[in-house]
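Have a look at the structure below, then the notes.
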Amino acid sequence: MRYGEDKIIEAKDIHFSYNGNPALKGVTFSIGKEFMVIMGPNGSGKTTLVKIIMGLLKPDKGDIKVFGLPPEKARERIGYMPQKENIARHFPIRVKDVVLMGSSKKRFYGREEIEKAKEALEEVGLLELWNKPFSSLSGGQQQRVIFARAIAKEPSLIIMDEPFNGVDLPSREKIMEALIKRLRKGVAVISVLHNINPVLHHVDKVLILNKEMIAFGKPNEVLLEPILQRAYGGSVSVVICKEGFCHPLIGDTHG
């Protein structure tokens, strides 16, 4: 489904290396108010591209604009949900403090920030855990809290890195409900996923990486066996569902 066409991100011929080792080569794409999924095998440059979009890394070559600005100047308009492996899950902090981190950079929060944080937490079905220690939550609940942090600031672009990895079905459904609601309001979404199938029917664009850009376009244009085999190697099957969507059977290749 397509919710809008205004340009949110324009990337042209992006290259990046770590100590001379190429991580990205010749990545070019643009998206509007859409849902884009980034796919690729381990070490394909997915997280590196996310960091470039967020302005945390600068490309060695090429140009990228986010809302028409250099990425580091657009960061306030982005809500970010990192990989769960990168979250200190046993840090002694309460749920409300995690969510409030997303709504403001202030050390002390006003009524407006608190209300936005509560609304975000209520949207993912966890408002009753407001004062609970974050470390006491299940893995799925922690993911929902981290997602609530990303949406509490009411961003124009949401970026998620493997948001559904190890997440239970109720948590995934709550996150998807909130995403679809924002897509309908014109918020753009980018997600790194190793398994696109649970969200495929909502996706507008797919970018397939293996250090270089293998393909970019509508799901049924790029989720094809020859393209996927080029990215992942070996034999990759595609099943077409009754609604006509191409579902790749790739296996567990996240990271």
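What the table shows:
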read-out: Failed criterion for Leu49 (all others in (1) outside any strand (DSSP E or B); (2) modelled with pLDDT under 95; (3) surrounded by 13 or more Cβ atoms within 10 Å (Cβ to Cβ) hold); value: (2)
read-out: Flag for Phe164 being in contact with a strand residue (DSSP E or B) (Cβ under 8 Å, 6 or more places away or on another chain), buried (at least 18 other Cβ atoms within 10 Å of the Cβ) and not aliphatic (A, V, I, L, M); value: no
read-out: Of all residues making up the stretch 69-84, the number that are assigned to a loop (DSSP other than H, G, I, E, B) and under 18 Å from Val192 (Cβ atoms); value: 2
read-out: Criterion (farther than 21 Å from Ile146 by Cα, modelled with pLDDT of 95 or more, among the charged types (D, E, K, R) and surrounded by fewer than 21 Cβ atoms within 10 Å (Cβ to Cβ)) met by exactly one of Asp6, Asp60; value: Asp60
read-out: Check on Ser171, among the small types (Gly, Ala, Ser), farther than 28 Å from Asp13 by Cα and touching a residue at least 24 places away in the same chain (Cβ under 8 Å); value: yes
read-out: Residue among Ser103, Ser135 that alone is surrounded by fewer than 17 Cβ atoms within 10 Å (Cβ to Cβ) and modelled with pLDDT under 95; value: Ser135
read-out: Residues that are among the basic types (Lys, Arg) and either surrounded by 20 or more Cβ atoms within 10 Å (Cβ to Cβ) or in contact with a helix residue (DSSP H, G or I) (Cβ under 6 Å, 6 or more places away or on another chain) (or both), drawn from the stretch 13-41; value: Lys33
read-out: Output for the stretch 170-192, where each listed residue is more than 19 Å from Lys33 (Cα to Cα) and either crowded, with 16+ Cβ neighbours inside 10 Å or modelled with pLDDT under 90 (or both); value: Pro170, Ser171, Arg172, Lys174
read-out: Per-region count, the stretch 160-190, residues in contact with a helix residue (DSSP H, G or I) (Cβ under 8 Å, 6 or more places away or on another chain), over 17 Å from Ser138 (Cβ atoms) and among the small types (Gly, Ala, Ser); value: 1
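The values are calculated or read from the model by the stated rules, or taken from the named source; none is laboratory data. Just so we're clear, the structure is a prediction, and the values are computed from it rather than from any experiment. All Cβ positions, even for glycine, are placed from backbone atoms using ideal geometry, and neighbour counts span all protein chains on display.
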